[in-house]
Amino acid sequence: MAAQASSLPLYEEIPLKSYVKRFIEVLVLLLLLSLVAYRLLSSESGCGLAWSVALACEVWFTFIWVMVVSMKWSPIRYKTYPERLLRKVQDLPPVDIFVTTADPQLEPPMVTVNTVLSLLAVDYEAHKLACYVSDDAGSPVTLYSLIQAAEFGKRWVLFCKKYEVQVRAPFRYFGAQVPLDDTSLEFQQEWQDMKNEYDQLNLRVEEASKPDTKLLDSKEFSIFATMKRDNHESIVKVIRENKGPPDELPHLIYVAREKRPKHPHHYKAGAMNVLTRVSGVMTNAPFMLNVDCDMFVNNPQTFHHAMCLLLGTKTEEECAFVQFPQKFYNGLKDDPFGNQLVALHETMGLGMVGIQGPAYSGTGCFHRRKIIYGLPNDQDLPVQLQNGILVNPDQVYGKSLELINFIYSVGSTLTAKHSILDSLDAAHKVADCDYEFMTRWGINIGWIYGSATEDVLTGLTIQSRGYKTMYCDPDPPSFLGCAPPSGPLTATQMKRWATGLLEILFSARSPIILFLTTKLHFRQSLGYTWVLVWGLRSVPELCYSLLPPYCILSNSAFLPKIDQPAWLLPISLFMIYNFYTLYEYLQCGQSMRSWWNNQRASRINSSSAWLFGFICVILKLLGLSETVFELTRKENLDSDDGVVDEEIGRFTFDESPIFIPATTLVTVNLVAVGLGFVRMIWAGPLWMSGVEYGAGELGCCVWVLLMFRPFVKGLFGKGKYGIPTRTIWKSTGLALAFFSFCLRV
Ligand SMILES: O=c1ccn([C@@H]2O[C@H](COP(=O)(O)OP(=O)(O)O[C@H]3O[C@H](CO)[C@@H](O)[C@H](O)[C@H]3O)[C@@H](O)[C@H]2O)c(=O)[nH]1
Ligand SMILES: [Mn+2]
């Protein structure tokens, strides 16, 4: 029996392909191709500019659709069996955990504290875990909060394990309404004690965060008194050292890497590389989990699920990393801002899982240290081995002998006999900002520099070395984070993503180039291309939504007339595409409302955030500006004061120019619809004569206005719900320019 149990696989691959969906996808492709063919064949009878622009856009949409079909063709998911793991593997490997935070204002320390506590309390042997927190703000409040958290953590971890608590981030655990009635008295007492202690912790951190804090007076924090956020030496503090079993609290280490004003620090990628090296000289675990500061562990079995895949594959090549999806705890109902990406993960995401594996999405990912070091005996990249010995290791990894020694022994557990305090000097050294000078860090070792979406670039680089990657999505979800709670914040995030993705597209690591020169699979490169062109898509989409008002104003047409058979092409495309996406949403357990919201949000994002991301990249390519990583503000945990804001899902605006294009689009379409209908009524039944445009163009205008309804409302809204007057003026100016263009042509 036992032998049989241990021969059972740790995971299973479940194919999800659907012939119905494939049929519809191919049908849409055929319709698109027919539409393009029809335009080409009838171009001489067409209407000049509008016809050509429509053709160009439709060719682009067809190109996008080809990538979509290829990506969705053979989706799979993995089912993991953690209960089999312990029977099969006696000695689970150590894991180093990385948490990044960068600004105590935008990312309140209690957010980070909760993430860290949830990580310290996972179901995994504590002496095999080390949690490293990178603080790019170099903030004493963050260090103080972590020290306090470790103190609280000792009891918290015992409490969680004793009562098998499911959600081990205290703010979520105590925030939920737990019926205590039918539990033991002992539990009720301990629950109350823990809650009181957590409240105390909260108060202490709040006190320390105040401007008149006395924190810097104490000796422990004196180092922070003289330093500036962007100008300081490296700080590495062992907050808590695990003394081996039965000690239930893992190592906890605080790291603020050296920062100098003139020295590029490469944002999160830079922080991740420092954490890799610091952990490399301290604990050197063969696996590394990295999470953003707001992504707490929601499922204590997460590490076991990950190990099922990491240890369950026959070779390391089959599983370079295990990515968990990003899910959100504060997600608004029906996803009004379209930033929860649920259906995207389930459709495009799982499609990619079935090709060469998921892209790396920056958080909730277990990596193999060897692969991050570029180590395996790959002949081509990135390090050279001679008889198993590294050639010139210091030119690859830098001049830390300790690090290089450890690199030779990745995988051997050095944690047992060695105190991490002995490695403090080495840790400081590898956290210095000139450490990477003349090395391969950020080029082909570690997290790769050069894009605001360092995650996609890093994952792409790993896959280009021929590795496959895996995806894990257990129930309950493993990690939950904070979704940007408003329109402007979503726009900032989307703009950064579009920028970062285009930076990759226009670099030497463009997926098509990588397909031709490396081991990146063809369909995988198409999948990446689909993601990377987000920013580019704004231009054809904008042009296409300007076509209907253009036609109405200039009295031309871009669609076939209702009495022509060709009319069936666009209308059936429109219907089938929309029903298909709706079907997909319903299949993913999403509501009809969230489908509608997401359709709308994609159009809005595309005309604002993606467009600006595109402009940012053009400016960067022209050498006119550098791209920066603008942080997303995280919700304050205690803002949850029971007051339900009715308007929470409503679109808000600010002075940012990012809202100008969509406002212009709405203005132009409103005027066109008005004119179109007036002309129709005015001319009575004869209106068709001499009028080139028809129901198609008018219908499209109405559709655009429906899609941009938050902006239509914004034109008349008040306060933060209204589009600022200056933005309206600027948009009116642009709209006037468009009108004069339409009338002149
Ligand atoms: O200079 C910096 C900037 C950011 N961060 C950290 O990076 C993480 C992500 O930043 P956030 O503002 O939350 O950005 P998001 O858009 O929410 O992040 C998503 O997109 C990023 C870029 O693709 C990925 O790195 C993230 O993992 C992914 O969650 C946070 O933990 C930050 O503390 C740093 O450590 N140093
Ligand atoms: Mn985030």
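The values are calculated or read from the model by the stated rules, or taken from the named source; none is laboratory data. Everything numeric in this text was worked out from a predicted model, so none of it was measured. Here Cβ is always computed from backbone atoms with ideal geometry, including for glycine, and neighbour counts include all displayed protein chains. We work out accessible area using only protein heavy atoms, side chains counted, and drop any ligands, DNA or RNA first. Shrake-Rupley method; radii C 1.70, N 1.55, O 1.52, S 1.80 Å.
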Filter result (more than 16 Å from the chain's Cα centre (by Cα), within 22 Å of residue 326 (Cβ to Cβ) and open to solvent by 10 Å² or more (accessible area, probe 1.4 Å)) within the stretch 463-476: 468, 474, 475, 476
Test for residue 728: is it of a type in the set (A, V, I, L, M), open to solvent by 20 Å² or more (accessible area, probe 1.4 Å), under 24 Å from residue 486 (Cα atoms) and touching a residue at least 12 places away in the same chain (Cβ under 8 Å): yes
Subset of the stretch 190-215 (residues that are at pLDDT below 90 and open to solvent by 70 Å² or more (accessible area, probe 1.4 Å)): 211, 212, 214
Residue among 203, 216 that alone is part of a helix (DSSP H, G or I) and closer than 24 Å to residue 482 by Cβ: 203
Cβ-Cβ under 9 Å pairs, at least 6 apart or on other chains, the stretch 96-111 side in a loop (DSSP other than H, G, I, E, B), far side of a type in the set (Asp, Glu): 102/135; 102/136; 103/136; 104/135; 107/292; 107/294; 108/635; 108/638
Matching entry among 630, 541, 626 (being buried (at least 19 other Cβ atoms within 10 Å of the Cβ) and either assigned by the TED database to the domain that holds residue 340 or of a type outside the set (Lys, Arg) (or both)): 541
Subset of the stretch 108-135 (residues that are open to solvent by 10 Å² or more (accessible area, probe 1.4 Å) and either of a type outside the set (A, V, I, L, M) or outside the structural domain of residue 427 (by the TED database) (or both)): 108, 109, 123, 124, 125, 127, 128
Hey, residue 534 within 16 Å of ligand 2 (Cβ to nearest atom) and either outside the structural domain of residue 679 (by the TED database) or crowded, with 20+ Cβ neighbours inside 10 Å (or both) or not: no
Pairs where the first residue, in the stretch 287-316, is closer than 21 Å to residue 165 by Cβ and the second is charged (D, E, K, R) and within 16 Å of ligand 1 (Cβ to nearest atom), C-beta under 6 Å, 6+ apart: 294/634
Close pairs from the stretch 479-497: first free of Cβ contacts under 8 Å to residues at least 12 places away in the same chain and near ligand 1 (Cβ under 8 Å from one of its atoms), partner assigned to a loop (DSSP other than H, G, I, E, B) and open to solvent by less than 20 Å² (accessible area, probe 1.4 Å), Cβ under 9 Å, at least 6 apart: none
Residues of the stretch 287-306 classified as more than 16 Å from ligand 1 (Cβ to nearest atom) and touching a Pro at 6+ places or on another chain (Cβ under 8 Å), total: 6
Qualifying residue in the stretch 673-685 (condition: modelled with pLDDT of 90 or more, farther than 30 Å from residue 209 by Cα, of a type in the set (Gly, Ala, Ser) and surrounded by 18 or more Cβ atoms within 10 Å (Cβ to Cβ)): no
The stretch 551-566, residues that are part of a helix (DSSP H, G or I) and either under 28 Å from the mean Cα position of the chain (by Cα) or under 23 Å from residue 41 (Cβ atoms) (or both): 551, 565, 566
Odd one out for residue 483, checked against (1) out of contact with any strand residue (DSSP E or B) (no Cβ under 8 Å at 6 or more places or on another chain); (2) of a type in the set (A, V, I, L, M, F, W, C); (3) open to solvent by less than 30 Å² (accessible area, probe 1.4 Å): (1)
Unique residue being under 24 Å from the mean Cα position of the chain (by Cα), within 16 Å of residue 102 (Cα to Cα) and open to solvent by 10 Å² or more (accessible area, probe 1.4 Å) when the list is 304, 265: 265
Checklist (1) outside the structural domain of residue 119 (by the TED database); (2) open to solvent by 60 Å² or more (accessible area, probe 1.4 Å) applied to residue 158, failing item: (1)
Any hit, the stretch 173-181, residues being under 25 Å from residue 94 (Cβ atoms) and of a type in the set (S, T, N, Q): no
Boolean, residue 93 is away from ligand 2 (no atom under 16 Å from the Cβ), assigned to a loop (DSSP other than H, G, I, E, B) and in contact (Cβ under 8 Å) with a residue 24 or more places away in the chain: yes
Looking only at the stretch 686-725, and only at residues there that are among the hydroxyl-bearing types (Ser, Thr, Tyr) and over 28 Å from residue 651 (Cβ atoms), the one that is most open to solvent (accessible area, probe 1.4 Å): 689
Hits in the stretch 601-640 - residues which are in a loop (DSSP other than H, G, I, E, B) and either modelled with pLDDT of 95 or more or within 13 Å of ligand 1 (Cβ to nearest atom) (or both): 627, 628, 629, 630, 631, 632, 633, 634, 635
Unique match (being touching a His at 6+ places or on another chain (Cβ under 7 Å) and either closer than 30 Å to residue 260 by Cβ or open to solvent by less than 10 Å² (accessible area, probe 1.4 Å) (or both)) among 442, 446, 450: 442
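The rows are residues; the columns are (1) open to solvent by 10 Å² or more (accessible area, probe 1.4 Å); (2) in contact with a Phe, Trp or Tyr (Cβ under 7 Å, 6 or more places away or on another chain); (3) not aliphatic (A, V, I, L, M).
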site	(1), (2), (3)
93	yes, yes, yes
98	no, yes, yes
141	yes, no, no
167	yes, yes, no
Subset of the stretch 120-143 [closer than 14 Å to residue 96 by Cβ and either within 16 Å of ligand 2 (Cβ to nearest atom) or assigned to a strand (DSSP E or B) (or both)]: 129, 130, 131, 132, 133, 134
Some residue of the stretch 259-267 being over 21 Å from residue 118 (Cα atoms) and within 16 Å of ligand 2 (Cβ to nearest atom): yes
